[in-house]
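The values are calculated or read from the model by the stated rules, or taken from the named source; none is laboratory data. What you are looking at is a predicted structure, and each value in this text was computed from that prediction instead of being measured. All Cβ positions, glycine included, derive from the backbone under ideal geometry; neighbour counts span all protein chains shown. Side chains included, ligands, DNA and RNA excluded: accessible areas come from the protein's heavy atoms. Shrake-Rupley method; radii C 1.70, N 1.55, O 1.52, S 1.80 Å.
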Amino acid sequence: AGIGKRVALDLARRNARTILACRSREHGQAAVEEIRAATGNPAVLLRLLDTSSLASVRAFARAVLREEKRLDVLVNNAGASGLPFAITPEGLELTFATNYLGPFLLTNLLLG
């Protein structure tokens, strides 16, 4: 939803292979189908990613590096505010992990 979906739509309109990294399979698949229908670009893909989980970030990065020949653009758009205080299973504060640590790790892992 929001900025991330608009960016993905614009990239798909430019005929780019576009990977939507989403926490929710249901919402992500709906966005993929909407973007494919609006652009006619079949190369819009869904991959699951939860940036609050460093294990999820590592698994996502491994899959992208294994499956994709190259990565031209990375848009780190995940973010959350107003979450109740919580600690992730990895011992990190949830909002900090989601908004900063996960995207930082993802960027560094994809730099290769």
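Using the Karplus relation 6.51 cos²θ - 1.76 cosθ + 1.60 with θ = phi - 60°, the per-residue 3J(HN,Hα) values for the stretch 27-32 come to 5, x, 5, 4, 5, 4 Hz, with x marking Gly and Pro.
For the stretch 62-110, GluC sites (Glu not before Pro) meeting the loop criterion (DSSP other than H, G, I, E, B) and having at most 14 other Cβ atoms within 10 Å: Glu68, Glu90.
State the percentage of accessible surface on the stretch 5-112 attributable to carbon and sulfur atoms; use a 1.4 Å probe and exclude ligands, DNA and RNA.
Numbers: 3790 of 6980 Å².
Within the stretch 5-112, the accessible surface is 54 percent carbon and sulfur.
The spacing between the stretch 1-47 and the stretch 73-112, judged by their C-alpha centroids, is 21 Å. Note that the stretch 8-18 has calculated 3J(HN,Hα) couplings of 4, 4, 5, 5, 5, 4, 8, 6, 7, 5, 10 Hz, one per residue in order, obtained from phi through the Karplus relation 6.51 cos²θ - 1.76 cosθ + 1.60 (θ = phi - 60°); glycine and proline are x. Three semi-axes describe the equivalent ellipsoid of the stretch 54-111; taken as square roots of 5 times the Cα gyration tensor eigenvalues and ordered largest first, they are 24, 12, 7 Å. Dipole magnitude for the stretch 3-111: about 400 debye, using +1 per Lys or Arg Cβ and -1 per Asp or Glu Cβ, origin at the Cα centre.
Dividing the alpha-carbon Rg of the stretch 4-94 by 2.2 N^0.38 Å yields what? It would help to have the intermediate numbers written out before the result.
Numbers: Rg = 14.3 Å, N = 91, 2.2 N^0.38 = 12.2 Å.
Dividing the Cα Rg of the stretch 4-94 by 2.2 N^0.38 Å gives 1.17.
Distances between placed amide hydrogens fall under 5 Å for Val44 paired with Thr18, all partners being 5 or more residues away or on another chain. For the set Arg36, Arg70, solvent exposure ranked by accessible area (probe 1.4 Å, protein chains only) runs largest to smallest as Arg70, Arg36. Here the Karplus relation 6.51 cos²θ - 1.76 cosθ + 1.60, evaluated at θ = phi - 60°, turns the backbone of the stretch 100-111 into coupling constants of 10, 5, x, x, 4, 4, 4, 4, 5, 5, 7, 5 Hz, with x for every Gly and Pro.
Taking other residues whose beta carbon is less than 13 angstrom from the beta carbon of Thr39, and scoring Lys, Arg as +1 and Asp, Glu as -1, yields +3.
Accessible area per residue for the stretch 1-53 in Å², computed with a 1.4 Å probe and the full protein assembly in place, what is it? Can you show the working numbers first?
Numbers: 3250 Å² over 53 residues.
Ligands and nucleic acids excluded, the result is 61 Å² per residue.
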